[in-house]
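Novice: Before we start, here is the structure in question, set down as structure tokens.
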Amino acid sequence: MTPSTLPHCNILVIDDTPINLTLLKNMLTEQGYDVRLAVSGEIALKAIEHMRPDLIVLDILMPDMDGYEVCRRLKANPETHDIPVVFMSALNETVNKVAAFEIGGVDYISKPFQAEEVVARVRTHLRLQEQARELKRAKDVAEAANQAKSEFLTSVSHELRTPLHAILGFAQVMARSGSLPAEHQENLHIILENGDHLLVLINQVLEVSRNGVECITLPAQDAGRQHLFDDLEAILRRRTEDAQSPEKADLNFAELSPALRQLPTDLVEQLRQAVKRSDVDLMDRLIADIRAYQPDAAEVLSDWADNFQYEQILQILQEVIQRS
């Protein structure tokens, strides 16, 4: 026989026939298992209290307490409920086998038994038992990690909400005061709008930590593009109003947002990639492509080039992407 790949497992054999006990002990010991013997159900239950076995080989026909009753008591006890029980008996009627499985047995070996069969069945159920333990350990580790993650997200989210509420509160007070110039009021509006957006994201993180990712509904792509272009328009307007050059002040912002919103999605994505890579040549090609598709949008991009230079445009776009 080939030695077992699961040595040092503890097996309890329960049988009132000494010769069966001897045979089973010898064949299982050869496989590297630690084998204990019990000649009755009462002795077996006391032995299990002293040391829990990894698997039990159990005869059915025994005086005083038969194998069925031993198994019932084991399955009724939470401490021994999950120990696999392999029945072994000369009772070969189907009704006997069904009864063994119904009370919790995992297998049934008929007497007279063959050594190879006994070893194979024992090895199989020990492996299944070990796999079940590994799954439970993995599950426990995953649950602990998930709990730690949830606690971390909850803590971080609360820490972020406190200063954010203060920022939004002071910004709202300043916005209601009416004493600020128009351009500063617009800056406050951008602070409040993006602060509210950040607050929504923080609340979603809290919701995920409590209920899982299924509770979050992601915004549509068009909504993200809308937010991007709105922020871009606000930033460009502020920079233009602060510029000293009269040509920069002549840029028509009323045309900027509508023209950009007419760009197809693939061109928008290419524009994003050009910004990320600071690829001025790609920007030139995009303007040519956009001119053939949407002249108004191309005209706005040309105005950018004429008034700000490409490097400044890419810097502004990058700032908007980081804020979106």
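The values are calculated or read from the model by the stated rules, or taken from the named source; none is laboratory data. Note that the coordinates shown come from a computational prediction; the quantities given were computed from them, not determined experimentally. With ideal geometry, Cβ positions are generated from the backbone for all residues, glycine too; neighbour counts draw on all protein chains shown.
Novice: Restricting attention to the stretch 188-208, which residues are among the β-branched types (Val, Ile, Thr) and either within 16 Å of SER155 (Cβ to Cβ) or surrounded by fewer than 15 Cβ atoms within 10 Å (Cβ to Cβ) (or both)? Reasoning before the result, please.
Specialist: Quick first cut of the stretch 188-208, residues among the β-branched types (Val, Ile, Thr) only: 190-191, 200, 202, 205, 208.
Result: VAL200, ILE202, VAL205, VAL208.
Novice: What is the one condition in (1) at pLDDT 60 or above; (2) assigned to a helix (DSSP H, G or I); (3) surrounded by 11 or more Cβ atoms within 10 Å (Cβ to Cβ); (4) not charged (D, E, K, R) that THR240 does not satisfy?
Specialist: Going through the list (1) at pLDDT 60 or above; (2) assigned to a helix (DSSP H, G or I); (3) surrounded by 11 or more Cβ atoms within 10 Å (Cβ to Cβ); (4) not charged (D, E, K, R), THR240 breaks only (1).
Novice: Say whether the condition of being surrounded by fewer than 22 Cβ atoms within 10 Å (Cβ to Cβ), touching a strand residue (DSSP E or B) at 6+ places or on another chain (Cβ under 8 Å), in contact (Cβ under 8 Å) with a residue 12 or more places away in the chain and farther than 15 Å from LEU21 by Cβ is met by at least one residue in the stretch 76-84. Spell out the reasoning first.
Specialist: Taking the stretch 76-84 first, the residues surrounded by fewer than 22 Cβ atoms within 10 Å (Cβ to Cβ) are 76-84.
Add one more test, that the residue is touching a strand residue (DSSP E or B) at 6+ places or on another chain (Cβ under 8 Å), and what stays is 83-84.
Next, from what is left, pick out any that are in contact (Cβ under 8 Å) with a residue 12 or more places away in the chain: 83-84.
Subsequent filtering for residues that are farther than 15 Å from LEU21 by Cβ retains 83-84.
Yes: the stretch 76-84 contains one or more residues that are surrounded by fewer than 22 Cβ atoms within 10 Å (Cβ to Cβ), touching a strand residue (DSSP E or B) at 6+ places or on another chain (Cβ under 8 Å), in contact (Cβ under 8 Å) with a residue 12 or more places away in the chain and farther than 15 Å from LEU21 by Cβ.
Novice: Something else: Is it the case that some residue within the stretch 76-83 is in contact with a helix residue (DSSP H, G or I) (Cβ under 8 Å, 6 or more places away or on another chain) and small (Gly, Ala, Ser)?
Specialist: no
Okay, residues lined up against (1) surrounded by fewer than 10 Cβ atoms within 10 Å (Cβ to Cβ); (2) outside any loop (DSSP other than H, G, I, E, B); (3) modelled with pLDDT under 80:
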| site | (1), (2), (3) |
| --- | --- |
| LYS139 | no, yes, no |
| ALA144 | no, yes, no |
| HIS158 | no, yes, yes |
| GLY169 | no, yes, no |
| MET174 | no, yes, no |
| LEU180 | no, no, yes |
| GLU183 | no, yes, yes |
